[in-house]
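Q: Dumping the structure here so I can ask a few things about it.
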Amino acid sequence: MKTVNHWIGGKTVEGASGNYGPVTDPATGAVTTQVALASLEEVDAAVAAAKDAYATWGTSSLAARTAVLFRYRALLDAHRDEIAALITAEHGKVHSDALGEVARGLEIVELACGITTQLKGELSTQVSSRVDVSSIRQSLGVVAGITPFNFPAMVPMWMFPLAIACGNTFVLKPSEKDPSAANLLAELAAEAGLPDGVLNVLHGDKVAVDGLLNHPDVAAVSFVGSTPIARYIHATASANGKRVQALGGAKNHMLVLPDADLDAAADAAVSAAYGSAGERCMAISAVVAVGSVADELVAKIKERAEKIKIGPGNDPVSEMGPLITAAHRDKVASYVTGAAAQGADVVLDGTGYTVEGFEDGHWIGLSLLDHVSTDSDAYRDEIFGPVLCVLRTETYEEGVALMNASPFGNGTAIFTRDGGAARRFQLEIEAGMVGVNVPIPVPVGYHSFGGWKDSLFGDHHIYGNDGVHFYTRGKVVTTRWPDPADAPAGVDLGFPRNH
């Protein structure tokens, strides 16, 4: 059986703890790989390698850093299909989704290639007689990233390229459910010329996570995952004096007004709710239909959802793959059956779905729930699967109030032809990312990604300007130099004497 080991100090390091976790092919249900789970001693080794590398990388020139990153970008581009294939094999998402994930990660690598402009300081001259003040940004040291299973390549690339471009060294702890893509990212970085120890990949479970959160040589921690874990990461790392950005869960709403293009809204709802099997924090999981449009909108969503082809991610005709584990599949299914018991109208029931020839895979079909109440479990919880809830309100104001009452505030969208309504919505809605006739408003790389409320713990969003600020700290320098004409007697600098 294949074993995924750690990448520490520029080379593969075999796991020494004796503990391994299973990695499953979600399409077949078969365990194909085992991943080494780090001990605290291995956490120490990874952090030590990063700390040693920081001694030279932290003082390296911007030109040297960006030269590596430009080569890295070219290698990632050349290996897109290979990275995507690893994602499909261990996560289950279809190949086109996996390629899209790599492309979005590449955006941040490209941003990191231009870090020279992001790190420019400020200068004010003559703030007082012969006094200048400048502001600079400097790296932190060793930083860590803890990333989720649903985007095993993209989310790491949201973190470490910017971190190392800013002069830090990095320890990545990816999900143990689909670890192989992270190792390939590190190997390609080494091929691009990244010095040993600048990027390390440490596989593990809670032991490794807690080891990083408590390690005195880790200056900052980035995290993407569920809200309960994000809250824990933030509390623990902050208590240890670390800088933290912890992105949590979501329950993203899409408000559909009576004047909306319902065909466009239905297309958007299907792609946003069921793409990547709903395993993404920016999925639309609740549609709020205003006024009389609900019946027609639900019918259009149902018509489109029934045509989605579900199958193995490496099958070119598949449009949606399996869920990551059997346990997660069962949990998602329980929300559909529970919604029926709590009064929802189950328009589509995806539970019990199987794919011929792959009966042991982690399959679930698309579910569509109408007349969902705000106190039902299917509405309150982040399901993280292909389940779309439809709620109905009579007015725009009721819809916005319903959405703002959610404890989550990650992403949201409005579908309307009315510019005035859209403008009100983007100002009144309590969420960090807003789409106007765009169902999944994930910002481009040079704008930052992050939510509000229980979707974010910490002050910084990820990547973009916030990412650069997170991975650096400011320093202000006030300088006064005497005029050379005032040099002491006997020192001739070629300037005329004032006296």
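Q: Let me know the Kirkwood hydrodynamic radius for the chain, please, with Cα pairs as the basis and the value in Å to one decimal.
A: Taking every pair of different Cα atoms in the chain, averaging 1/r and inverting gives 24.2 Å.
Q: Under 18 Å between alpha carbons, and skipping anything fewer than 8 positions from residue 120 in its own chain: which aspartates and glutamates qualify?
A: Those aspartates and glutamates meeting the cut-off are 110, 132, 466.
Q: Taking θ as phi - 60°, what are the ³J(HN,Hα) couplings along the range 134-148 by the Karplus curve (6.51, -1.76, 1.60), each to the nearest whole Hz, with x for Gly and Pro?
A: 10, 10, 10, 10, 10, 5, 8, x, 8, 10, 10, x, 10, 10, x
Q: Students often get this wrong: which residues of the range 121-144 have the backbone nitrogen under 20 Å from the point 7 angstrom along Cα-to-C-beta of residue 485?
A: So the set is 126-132.
Q: Subtracting the Cα-Cα distance from 0.36 nm times the residue separation, let me have the gained length for residue 478 to residue 309 in nm, one decimal.
A: Going from the current span to full extension adds 54.5 nm.
Q: Taking the convex hull of the Cα atoms, report for the range 35-128 its projected area averaged over all directions, in nm².
A: Result: a mean projected hull area of 10.0 nm².
Q: To continue, here is another question. Using unit Cβ charges (K, R positive; D, E negative) and no other charged atoms, how large, in debye to the nearest 20, is the dipole of the chain about its Cα centre?
A: 1580 debye
Q: Distance between the C-alpha centers of the range 443-466 and the range 341-410? Whole Å please.
A: 26 Å
Q: Any idea what angle helix 62-78 forms with the longest principal axis of the chain, computed on alpha-carbon atoms, 0 to 90 degrees, nearest 10?
A: The angle comes out near 30 degrees.
Q: Another one. Can you list residues from other chains, or at least 5 along the same chain, whose modelled amide H is less than 5 Å from the amide H of residue 13?
A: 6, 7, 8
Q: Could you work out how far the C-alpha centroid of the range 236-255 sits from that of the range 1-65, in angstrom?
A: Distance between centres, Cα-based: 24 Å.
Q: Using alpha-carbon pairs under 8 Å, 6+ residues apart, how would you state the relative contact order of the range 322-381 in percent?
A: Taking the mean separation of contacting Cα pairs over the length of the range 322-381, I get 39 percent.
Q: Taking only Cα atoms, what is the 0 to 90° angle, nearest 10, from helix 326-341's long axis to the longest principal axis of the chain?
A: 50 degrees
Q: Now a separate question. How are the Cα pair distances of the range 206-264 distributed, in percent, across 5 Å bins from 0?
A: Whole-percent P(r) values from 0 Å outward: 4, 17, 22, 16, 7, 5, 6, 7, 6, 6, 3, 0.
Q: Measuring from label point to label point, each 7 Å out along Cα→Cβ, what is the residue 381 to residue 263 span in nm?
A: 3.8 nm
Q: Would you tally the net charge around residue 349, using a Cβ to Cβ cut-off of less than 13 Å, leaving residue 349 out, and scoring K and R as +1, D and E as -1?
A: Details: positive: 302; negative: 306, 345, 370.
Result for the neighbourhood of residue 349: -2.
Q: Ok, one more. For n ≥ 4 DSSP H runs only, could you compute -39500 (n - 2.57) per run for the chain, divide by its residues and tell me the 222 nm figure to the nearest 500?
A: Counting only the DSSP helices, I get -11500 deg cm²/dmol.
Q: Suppose each label sits 7 Å from its Cα in the direction of the beta carbon; what would the residue 61-residue 125 distance come out to in nanometres?
A: 2.5 nm
Q: Report the relative contact order of the chain, percent, no decimals, based on alpha-carbon pairs under 8 angstrom and at least 6 residues apart.
A: Values: 1185 pairs, mean separation 89.4, N = 499.
The normalised contact order for the chain reaches 18 percent.
Q: Quick one: which residues, 5 or more positions from residue 131 or on another chain, have an amide H under 5 Å from its amide H? H modelled 1.01 Å from N in the peptide plane, none for Pro or chain starts.
A: Amide H neighbours of residue 131: 126.
Q: A further question on this structure: Taking 0.36 nm per residue of sequence separation and subtracting the Cα-Cα distance, how much length would be gained by fully extending the chain between residue 19 and residue 340, in nm to one decimal?
A: Extending this stretch completely gives an extra 111.4 nm.
All of the numbers you see were taken from the coordinates with simple rules; none came from a lab. Bear in mind the structure is a predicted one, so any value in this text is a computation, not a measurement. Virtual Cβ from ideal backbone geometry, glycine too; neighbours counted across all protein chains shown.
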